[in-house]
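Reading through the structure tokens given below for one structure.
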Amino acid sequence: MKGTTNIPVVNIILRREDGKVLFLLRQNTDWMDGFHGLPSGHVEEGENFRQAACREIKEEVGIDLEPDQLQHRLTFHQVDDRGGTRVGIYFEAAGWEGEPYNAEPDKHGDLAWFDPDNLPDSVIATTRLKLDQIKQGNPYIEYGWT
């Protein structure tokens with residue numbers, strides 16, 4: 001029986017009281033540099049999705065979250081533009097302490113808050129699609145499959 005290699009990914013939505021969502025400008029990552037994406041990253045060995053999300057949010061924007069502060073919004077199964085298969089989870093943080101900042105300036109340019117209903121062209125297209133699916137209440141999508 002042939003297995004598959006899936007890359008597990010977490011994405012974290014931080015939404016302010018005015019409804020705007022936090023984005024980071026990608027740079028020096030070799031994927032979608034020059035575009036804005038959500039705080040995100042790969043799940044490491046021994047982590048569950050929530051643990052990975054808490055670690056990634058701390059590494060990227062310097063805030064602490066507890067796993068029970070994360071609400072599941074979307075699961076996606078995607079064939080990406082490089083032919084890899086990704087399985088990912090979008091969580092939305094239910095409150096947080098502190099002010100987010102760019103904690104990885106070697107991987108990110110500016111930190112920006114955008115209205116999810118009026119995103120600039122610089123937001124990664126698949127991120128835009130997934131946020132639209134979340135807004136519509138869809139908890140699962142497949143993307144890129146033929």
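The values are calculated or read from the model by the stated rules, or taken from the named source; none is laboratory data. What you are looking at is a predicted structure, and each value in this text was computed from that prediction instead of being measured. When we count neighbours, we look across all protein chains shown, and the Cβ atoms used for this are built from the backbone with ideal geometry, even at glycine. These accessible areas exclude ligands, DNA and RNA; they are computed on the full protein's heavy atoms, side chains included. Shrake-Rupley method; radii C 1.70, N 1.55, O 1.52, S 1.80 Å.
Karplus-based coupling profile of segment 37-52, in residue order and whole Hz: x, 6, x, 6, x, 7, 6, 8, 3, x, 9, 8, 4, 5, 4, 5, with θ = phi - 60° in 6.51 cos²θ - 1.76 cosθ + 1.60 and x standing for Gly or Pro.
Across the accessible surface of the chain, with the other protein chains kept in place and a 1.4 Å probe, carbon and sulfur atoms take up 47 percent.
Across segment 13-24, rounded Karplus estimates of 3J(HN,Hα) from the backbone phi angles (6.51 cos²θ - 1.76 cosθ + 1.60, θ = phi - 60°) give 9, 10, 10, 6, 4, 7, x, 6, 10, 7, 10, 10 Hz, Gly and Pro being marked x. The DSSP beta bridges internal to segment 1-106 are antiparallel in roughly 65% of cases.
A simple rule links phi to the HN-Hα coupling: the Karplus curve 6.51 cos²θ - 1.76 cosθ + 1.60 with θ = phi - 60°, which for segment 80-92 gives 7, 5, 9, x, x, 9, 10, 10, x, 10, 9, 10, 10 Hz, with x for Gly and Pro. As a size descriptor, the averaged projected area of the C-alpha convex hull of the chain was calculated at 9.5 nm².
If only the Cβ of Lys and Arg carry +1 and only the Cβ of Asp and Glu carry -1, the dipole of segment 1-116 around its Cα centre is close to 500 debye. Taking each DSSP H run with n ≥ 4 as -39500 (n - 2.57) and averaging over every residue of the chain yields -5000 deg cm²/dmol at 222 nm. Accessible surface for the chain, divided over its residues, is 56 Å² per residue with a 1.4 Å probe.
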